[in-house]
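Quick notes on the structure that follows.
The values are calculated or read from the model by the stated rules, or taken from the named source; none is laboratory data. None of the values given here were measured: they were computed from a predicted structure. Using ideal geometry, Cβ is built from the backbone for each residue, glycine included, and neighbour counts are taken over all protein chains shown. These accessible areas exclude ligands, DNA and RNA; they are computed on the full protein's heavy atoms, side chains included. Shrake-Rupley method; radii C 1.70, N 1.55, O 1.52, S 1.80 Å.
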Amino acid sequence: MFSFWKKTADSSSAESLPEPLRQLLETPCHEAIPLPLSEIANIRLERNTLSLTLPFPALWLEGWLSAQCQTLGLSYKVQVNWQPEQPFAFAKVRQVILVASGKGGVGKSTTAVNLSVALAQQGAKVGLLDADIYGPSIPLMLGEAQSRATSPDEKHLNPLQKHGIVLQSIGFLVDPDNASVWRGPMASQALMQLVNETLWPELDYLVVDMPPGTGDIQLTMSQKLPVAGAVIVTTPQDVALADAKKAIQMFRQVNIPLLGLVENMSFYQCPSCGHQDDIFGTNGGLELAARYQVSVLGQLPLQAKIREAGDAGTPIALAQDNQTAEIYRKIAQQLIFTLYWQTRLSPQQAVEILMTDD
């Protein structure tokens, strides 16, 4: 019994745990972690404190486990820690996540910013790179439009820090009123310099806000960075889905795993009466995800508060007791586990999916 228990020198023995707690830890616990915690965590019960150490960040589990224990009549103080197992992929960065779309205007940068904040809320060290050389929007969305990059030695760049994440953007190097009139190879070179010459601190995740399209910059990032996976952002209407298909096919061609799909502007909900209107269509993202066998990480409403928060430089994911912020947090939770599980699968276990254009 309790065959998944991971013993360490200071772990409690399975027999010493109350039966209700043992059953809780042996049962797949949550949609964001579809495995028993006993399979993936080192667990210690000492007096009234239940401590878990996971191989990935999941601070949200503290509240969830506390509530579950109370339901079972158990009064424990729950502590959730984590110990990274993933080695650095490059510099001091463990995993690189690309946030991409086939076209502009679908809320890709909004997703990248709020996802970065939500990942940091789980206890991860997170960086955000604005890879849109021609139209950097990350500085504005994080309230740093007037900030400029600094250098300690005239060779490297210091990243900025805001809302618990570190960030870098071409927008910190050029006048925001000027256009970057660069050919593709020049833009790609500038981006790689930004990546390699930034003094990144130790990061668990580097989220990259990709430019729209499937051109030079996308190929450069795919081929020259050890990318852990990509998140596709779309809206439900056909014109956005057509370009999202191209983004999916591009990442499959360069062998980058697809971590999931985020559907923005899924519906509009009237703030007065609560009526929902599918302005841009219904379930377009879900149908696209089903066709290409990609999981749907979340569906976001068309909501003025999301735009207002971005314009103010305070991403809505920072809000407490907010339904939209909670959606972003759930997206981050699923993404964290997906990245962890991906590292556990050997190449022999990975399934190759071949798609045809019908």
- Message: List the trypsin sites (Lys or Arg not before Pro) within the range 22-79 that DSSP assigns to loop and that have no more than 11 neighbouring Cβ atoms inside 10 Å.
- Response: ARG47
- Convex hull volume per residue in cubic angstrom - Cα atoms of the range 32-108: 152 Å³
- Query: Do you know the Lys pair count in the chain for C-alpha distances under 13 Å, with sequence separation 8 or more or different chains?
  - Reply: 4
- Modelled label-to-label distance, ALA290 and ALA145, 7 Å Cα→beta-carbon offset: nm? 4.2 nm
- From phi via Karplus (6.51, -1.76, 1.60), per-residue ³J(HN,Hα) for the range 291-298 in Hz, x at Gly/Pro: 5, 9, 6, 10, 6, 8, 6, x
- Please state the relative contact order of the chain as a whole percent: Cα pairs under 8 Å, 6+ residues apart? 18 percent
- Residues with amide H under 5 Å from that of VAL78, placed H, sequence gap 5 or more: LEU50
- Item | Table column - 3J(HN,Hα) (Hz), the range 233-250, Karplus curve with 6.51, -1.76, 1.60, x for Gly and Pro | 10, 8, 10, x, 6, 4, 5, 6, 5, 4, 6, 5, 4, 5, 5, 4, 5, 4
- Helix-only [θ] at 222 nm, the chain, -39500 (n - 2.57) per DSSP H run of 4+, per residue, nearest 500, equals -10000 deg cm²/dmol
- Signed unit charges on C-beta, dipole axis of the chain, positive-most listed residue THR53, VAL262, SER66: THR53
- Task: Take the Cα coordinates of the chain, assign each an equal point scatterer, and use the Debye formula without solvent to give log10 I(q)/I(0) at q = 0.11 Å⁻¹.
- Result: -0.79
- Task: With label points built 7 Å along Cα→Cβ from the Cα atoms of LYS224 and HIS156, find their separation and express it in nm.
- Result: 1.9 nm
- Skip the ligands, DNA and RNA, and give the accessible area per residue of the range 67-175 with a 1.4 Å probe, whole Å². 42 Å²
- Task: Hey, can you grab everything whose amide H is under 5 Å from the amide H of CYS29? Only 5+ residues off in sequence or another chain; H modelled, so Pro and N-termini drop out.
- Result: LEU35, LEU37
- How many angstrom separate the Cα center of the range 272-311 from the Cα center of the range 80-133? 21 Å
- Query: Expressed as a whole percentage, what fraction of the accessible surface of the range 53-129 belongs to carbon and sulfur atoms when a 1.4 Å probe is rolled over the protein heavy atoms?
  - Reply: 47 percent
- Query: Residue-wise, which Karplus ³J(HN,Hα) couplings in Hz belong to the range 299-310, taking 6.51 cos²θ - 1.76 cosθ + 1.60, θ = phi - 60°, and x for glycine or proline?
  - Reply: 10, 9, x, 7, 9, 4, 4, 5, 5, 4, 5, x
- Query: P(r) for the range 211-285: what percent of alpha-carbon pairs falls in each 10 Å bin, starting at zero?
  - Reply: 18, 42, 24, 12, 4, 0
- Query: Hey, got the dipole for the range 149-300? About the Cα centre, +1 on K and R Cβ, -1 on D and E Cβ, debye to the nearest 20?
  - Reply: 440 debye
- Task: Take every DSSP beta bridge with both residues inside the range 29-84 and express the antiparallel ones as a percent of the total, to the nearest 5.
- Result: 50 percent
- Query: How many percent of the alpha carbon pairs in the range 205-352 exceed a separation of 22 Å?
  - Reply: 46 percent
